[in-house]
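**Q** To start, I am sharing the structure in question, which I have written as structure tokens.
Nothing in this text is a laboratory measurement; each read-out follows from the coordinates by a stated rule. Quick caveat: nothing in here was measured; it's all calculated off a predicted structure. So basically every Cβ, Gly included, is an ideal-geometry build from the backbone, and we count neighbours across all protein chains shown.
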Amino acid sequence: MLLPSSLHRRDVLFFVVGAAIFHVFGPHLLPSSPDTCIIINNRVDRPGAHYPSHRHSLIEQADIEPLPPPPDRVRKQQVARPQPVSVTVERPVGELPKTAIVHHTAGWTLFKDIYMANGTLFVITDDSSVFPERRMMISTGLPGHDTEKSRAEREPTDRDLTFILSAKAKERWGAGGSDRVHTIEGNTVLVNEPSQFLGHYYHFVAELFFGIQAFWHGSFSTASETRSNSAILQHPAPPPLHRLILARTDGAGWRDKPGLNTYFLRAAFPSLAVEDERDWKERINATWTGPGSVDQVWHFPALLLTDRSASFRIGLLGPNLLMGVQAGGWWEPVRAAVVKFAGGEVKRIDLTHLPSPEKVVLTYVSRQATWSRRFSHEHHAVVLQALEGLAKRKGWEFNELTADMSREKQIQVASRTTVLVGIHGNGLSHLVFMPPTKASAVVEVFNPPGFAHDYEWTARALGMAHYAIHHDRVMTYPNEPQLPNMGGAFHSDSIRVHPGTLVRTIEDHVAKKVM
């Protein structure tokens, strides 16, 4: 994907493939039961902090299997497992409920009972030392650039989030049940980032919603301790999400030109209410304390605060949040919902191990209609012929995804794909709709020496193999470049790859995985 050169540092900071374990509500989720509490640890604690714990009744526990094991450097981020938590929605009566942390890692914080007035988030507590450092939870929400000035501008102040003593909160807004305390029922996600990346399909789906799904699901799921590539596709559901607040962008800022962001959101989360910057400002104005006004406050019983700039401070973003402790099947409800919405077929595979594909489907994502990161027209014909020849020789299904195909058709093809091939670009984001099989893989072509981690991390978070190819050199984790390189001819319009190397990489991978 095309990124400003000043933000290449973002890729380095991605390295904890972990926001990868959230679960979303949908018609395919299991019925609820009051008997089982399950949790997962996706928290990076502040030294010396002690987080309150609560209990929450969830649905009957299903078998849980892990994603592939993380790199060792990621496992070092892990800490002791918290206790099960509660995010039950109750209107405050009497004393204002104090704020508690349900789960936290940099840039991802799930609060129980947090408040907002005049645009400031208020944490009610008599001991602020039990909370993470403020800058690890929130920023000013300004666009991010890799400069000292930009980093300084994004450092939060009391204007963004502040701590208030219980007595002071009661003095300011009255006791629980006061006409000045207004509870926003349900579970809310507050996205504190501008439109800088939100209008891009990959960033919206495979970073933001990968992260939301992973973190929300991870807050209510059992950690899996075993190392395995197996995946159970049924999994206990966390509480549903009710509201998404995009506080720093208007409606146009998060919508991409092809309309894939809105298509994904409405298909995956059909009941999710969406508010944008205008709605957030209206909530702020409703609590404004001017001459003669009454001091009011909004009360969020459960709020997941996500902040891109805060996540950069230790490098956890999108598909990188939970690589260390994983729960199987976490993304399947989202994938299944979108595939069904697009008219594709979803097969429930209730096995203890990833299955072999019923039929190998090879899909090539063409970028020939774009102005950058493409093959020359002559070389494209050679590559296409080589891929078609491989599929014909092996008896596989072959597809070419092009920009002029409908969204439904693109997703239907992706939902059957075993191996997805293409030059680094937005179309590879469709890997999130590929079915989980032991042979699932992404083969990504770069113009040497270029490299980006985006689709590598996303693929591995979903248990898929990833191969990067520089002409005739093949790399796969852990032997891929450690740092991104998007300079020079990264965006060339005449990229070349050795057809024999490309074909051999795909053929050898499938042969090893499908017996």
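**Q** Let me check I've understood the local charge: for Gly174, count other residues with C-beta under 10 angstrom from its C-beta, Lys and Arg +1, Asp and Glu -1. What total comes out?
**A** Result for the neighbourhood of Gly174: 0.
**Q** Run the Debye formula on the Cα coordinates of the range 379-515, all scatterers equal and no solvent, and tell me log10 I(q)/I(0) at q = 0.09, 0.10 1/Å.
**A** -0.24, -0.30
**Q** For Tyr477 and Val382 in the same chain, what is the full-extension length gain: residue separation times 0.36 nm, less their Cα-Cα distance, in nm?
**A** Full extension from Tyr477 to Val382 adds 31.4 nm.
**Q** Another question about this same structure. Putting +1 on Lys and Arg Cβ atoms and -1 on Asp and Glu Cβ atoms, find which of Phe215, Ser139, Gly174 reaches farthest to the positive end of the dipole of the range 108-215.
**A** Sorting the options by dipole projection puts first Gly174.
**Q** What residues have an amide H closer than 5 Å to that of Ser494, excluding those fewer than 5 places away on the same chain, when H is modeled at 1.01 Å from N in the peptide plane?
**A** Arg374
**Q** Please give the Cα centre distance for the range 243-303 versus the range 152-179, rounded to the nearest Å.
**A** 20
**Q** Roughly how many debye, to the nearest 20, is the charge dipole of the range 359-515 about its Cα centre, given +1 on each Lys and Arg Cβ, -1 on each Asp and Glu Cβ, and no other charges?
**A** With Lys and Arg at +1 and Asp and Glu at -1, about 400 debye.
**Q** Next question. Counting only residues 5 or more places away or on other chains, whose amide H sits under 5 Å from the amide H of Gly450 once H atoms are built in the peptide plane?
**A** Hits under the 5 Å cutoff: none.
**Q** Restricting to Cα atoms and excluding each atom paired with itself, what does the Kirkwood estimate give for the range 106-159 in Å?
**A** 12.6
**Q** Same structure again: How charged is the neighbourhood of Thr306? Take every other residue with its Cβ under 13 Å from the Cβ of Thr306, and add Lys/Arg as +1 and Asp/Glu as -1.
**A** That works out to -1.
**Q** Please list the non-local residues whose amide H lies under 5 Å from the amide H of Ala247, H modeled 1.01 Å from N, same-chain partners needing a gap of 5 or more.
**A** Val191, Glu193
**Q** What does the charge add up to near Arg248, with Lys and Arg as +1, Asp and Glu as -1, over the other residues with Cβ less than 15 Å from its Cβ?
**A** So the environment of Arg248 carries a net charge of -3.
**Q** Could the peptides 361-373, 381-393, 421-433 be put in order, highest first, of the mean number of other beta-carbon atoms found within 10 Å of their residues?
**A** Highest-to-lowest ranking by the protection proxy: 421-433, 361-373, 381-393.
**Q** So for the pair Ala369, Ala175, with labels modelled 7 Å out along Cα→Cβ, what separation do we get in nm?
**A** Simple spin-label model gives 6.4 nm for this pair.
**Q** Same structure again: Rounded to the nearest 20 Debye, what is the dipole magnitude of the range 448-515 about its Cα centre when Lys and Arg each give +1 and Asp and Glu each give -1 at the C-beta?
**A** The calculated dipole for the range 448-515 is roughly 180 debye.
**Q** Could you give each residue of the range 133-144 its phi-based ³J(HN,Hα) in whole Hz, using Karplus coefficients 6.51, -1.76, 1.60 with θ = phi - 60°, and x for Gly or Pro?
**A** My calculation for the range 133-144 gives 4, 4, 5, 8, 9, 8, 10, 6, x, 7, x, x Hz in order.
**Q** Project the alpha carbons of the range 444-505 onto their principal axes and report the range along each, largest first, in whole Å.
**A** Rounded to whole Å, the extents work out to 31, 27, 17 Å.
**Q** For the range 208-214, take each phi angle, set θ = phi - 60°, evaluate the Karplus expression 6.51 cos²θ - 1.76 cosθ + 1.60, and give the result in whole Hz per residue in order, putting x for glycine and proline.
**A** With coefficients 6.51, -1.76 and 1.60, one gets 4, 7, 4, x, 4, 4, 5 Hz.
**Q** Let me ask something else about it. For the cross-link pairs Lys281/Lys347; Lys392/Lys438; Lys168/Lys281, which exceed 32 Å when the distance is taken from alpha carbon to alpha carbon?
**A** The pairs that break the limit, which is 32 Å between Cα atoms, are Lys281/Lys347.
**Q** Another question about this same structure. Return the distance in nm (one decimal) between the two label points of a simple spin-label model at Asp146 and Lys512, each offset 7 Å from Cα along Cα→Cβ.
**A** In this crude label model, Asp146 to Lys512 measures out at 3.1 nm.
**Q** Taking θ = phi - 60°, what integer Hz values does the Karplus form 6.51 cos²θ - 1.76 cosθ + 1.60 yield along the range 483-491, in sequence order, with x for Gly and Pro?
**A** After applying 6.51 cos²θ - 1.76 cosθ + 1.60, I find 10, x, 8, 10, x, x, 9, 3, 9 Hz.
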